[in-house]
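Working notes for the structure below.
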Amino acid sequence: MTTHLTAKSLRSIYQLKVTLKGMRPPIWRRILVASTTKLDDIHLILQIVMGWTNSHLHEFIQGRDRYGEPDEDFPSDAQDETQYRLDQILKKEKEKLIYIYDFGDGWEHEVILEKVLPFETSAALPICLKGCRACPPEDIGGIGGYMMFLDAISDPEHPEHEVMLEWIAEDIEGPFDPEAFDLAEVNQLLQS
C-alpha cells in the first residue's frame, strides 16, 4: 500500500505577529500566510502590512543565521532568502525571527509564529487580521527621529513644526495620524 501525500498535508497556515521593536505604544500587525512562502515574499508582505515602501535593504535573522537579498556589489555572509521557505526557518509555535529594514534607520521587527493552522485551499492568503498604529515614515531617522517628528507635528510651538508638516505632506495625503491603521487598505494591497 502506498501513501499519497497531498499538498494540503505539506503546508499549513502560519499566524504571525509582527511587532516593530522599541516603539511604545507598540506598532504591530497580525497576519496569515502559507507556511511555504519564500522569505523574499515574506519581505514584500511585511513591507505592505507595516506600511514601508521597499526603498531600503533588509535582512532576516534567526540565531546566527542571516538571510537576505544577494547583492554582488555588497557581498555578505547572509544566505539567499529566495532559497528558503518560512517553514524551514520557523517550525513550531512561539519561534521568532528578526526582520530588519533600512540599515540606516535600523527598523527591527520581531516576527513570532503564534499559531500553526491547517491549510485551507479556499483561504485568501496572505491576509492581515489586525494591526495597531501607523508605521513611521521612511527616512525619519529611526526611533529617535520618529519621536522627535511626533513631538514636532503635535506642538505648533515646536521649532520644527512647520518644516515637519511640509516634509510629511510631500509623502502622504492629509495629516499624519500615528494612531491610524487601515486594515481594509492593507488587505486590498496584499491581494493586488
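In the set R29, R66, R24, R85, which member is surrounded by fewer than 17 Cβ atoms within 10 Å (Cβ to Cβ), closer than 20 Å to I143 by Cβ and of a type in the set (K, R)?
Of R29, R66, R24, R85, the one residue that is surrounded by fewer than 17 Cβ atoms within 10 Å (Cβ to Cβ), closer than 20 Å to I143 by Cβ and of a type in the set (K, R) is R24.
Go through (1) assigned by TED's automatic domain parsing to the domain that holds A34; (2) touching a helix residue (DSSP H, G or I) at 6+ places or on another chain (Cβ under 9 Å); (3) not basic (K, R) for E185 and report which single condition fails.
Every condition holds for E185 apart from (2).
Being over 18 Å from G106 (Cα atoms) and either touching an Asp or Glu at 6+ places or on another chain (Cβ under 6 Å) or loosely packed, with under 12 Cβ neighbours inside 10 Å (or both) is the filter here, so list the residues in region 134-153 that pass it.
Scanning region 134-153 gives a single hit, A152.
Restricting to region 79-103, give me the number of residues that are farther than 24 Å from K115 by Cα and among the hydrophobic types (A, V, I, L, M, F, W, C).
Here the count works out to 1.
Tell me which of these S55 doesn't satisfy, since it passes every other one: (1) among the hydroxyl-bearing types (S, T, Y); (2) within 30 Å of D177 (Cβ to Cβ); (3) modelled with pLDDT of 95 or more.
Of (1) among the hydroxyl-bearing types (S, T, Y); (2) within 30 Å of D177 (Cβ to Cβ); (3) modelled with pLDDT of 95 or more, only one is false for S55: (3).
Residues being more than 22 Å from P26 (Cβ to Cβ) and hydrophobic (A, V, I, L, M, F, W, C): count how many of those fall in region 104-124.
From region 104-124, those more than 22 Å from P26 (Cβ to Cβ) are 104, 116-124; that's our starting set.
So of that shortlist, the ones also hydrophobic (A, V, I, L, M, F, W, C) come out as 116-117, 119, 123-124.
Result for region 104-124: 5.
Check off (1) touching a helix residue (DSSP H, G or I) at 6+ places or on another chain (Cβ under 6 Å); (2) at positive phi for I153 and give me the number that stays unchecked.
Tallying (1) touching a helix residue (DSSP H, G or I) at 6+ places or on another chain (Cβ under 6 Å); (2) at positive phi, I153 fails exactly one: (2).
Report the residue count in region 114-133 for those that are farther than 24 Å from G51 by Cβ, at pLDDT below 95 and either among the small types (G, A, S) or surrounded by 15 or more Cβ atoms within 10 Å (Cβ to Cβ) (or both).
2
Take the residues of region 66-107 that are in contact with a Pro (Cβ under 9 Å, 6 or more places away or on another chain) and among the small types (G, A, S): which is farthest from I13 (Cα to Cα)?
S76
Would you mind finding the one in G144, G131 that is under 26 Å from L57 (Cα atoms) and free of Cβ contacts under 8 Å to residues at least 12 places away in the same chain?
On the way: G131 fails: free of Cβ contacts under 8 Å to residues at least 12 places away in the same chain.
Of the residues listed, the single one that is under 26 Å from L57 (Cα atoms) and free of Cβ contacts under 8 Å to residues at least 12 places away in the same chain is G144.
Mind listing just one residue for me: the one in region 90-126 that is in a strand (DSSP E or B) and β-branched (V, I, T) and, of those, farthest from H43 (Cα to Cα)?
Of all residues in region 90-126, those in a strand (DSSP E or B) come to 96-101, 107-118.
With the extra rule that they be β-branched (V, I, T), the set shrinks to 98, 100, 111-112, 116.
Working: I98: 11, I100: 10, V111: 11, I112: 15, V116: 20 Å.
That would be V116.
Can you name every residue in region 15-41 that is without any contact (Cβ under 8 Å) to a residue 60 or more places away in the chain and either in contact with a Cys (Cβ under 7 Å, 6 or more places away or on another chain) or assigned to a helix (DSSP H, G or I) (or both)? Can you show your working first?
So in region 15-41, the residues without any contact (Cβ under 8 Å) to a residue 60 or more places away in the chain come out as 24, 36, 38-41.
If the condition is that a residue be without any contact (Cβ under 8 Å) to a residue 60 or more places away in the chain and either in contact with a Cys (Cβ under 7 Å, 6 or more places away or on another chain) or assigned to a helix (DSSP H, G or I) (or both), then L39, D40, D41 are the ones that fit.
The values are calculated or read from the model by the stated rules, or taken from the named source; none is laboratory data. As the structure is a prediction and not an experimental result, all values here were calculated from the model. Every residue, glycine as well, gets a Cβ built from its backbone with ideal geometry; the counts of neighbours run over all protein chains shown.
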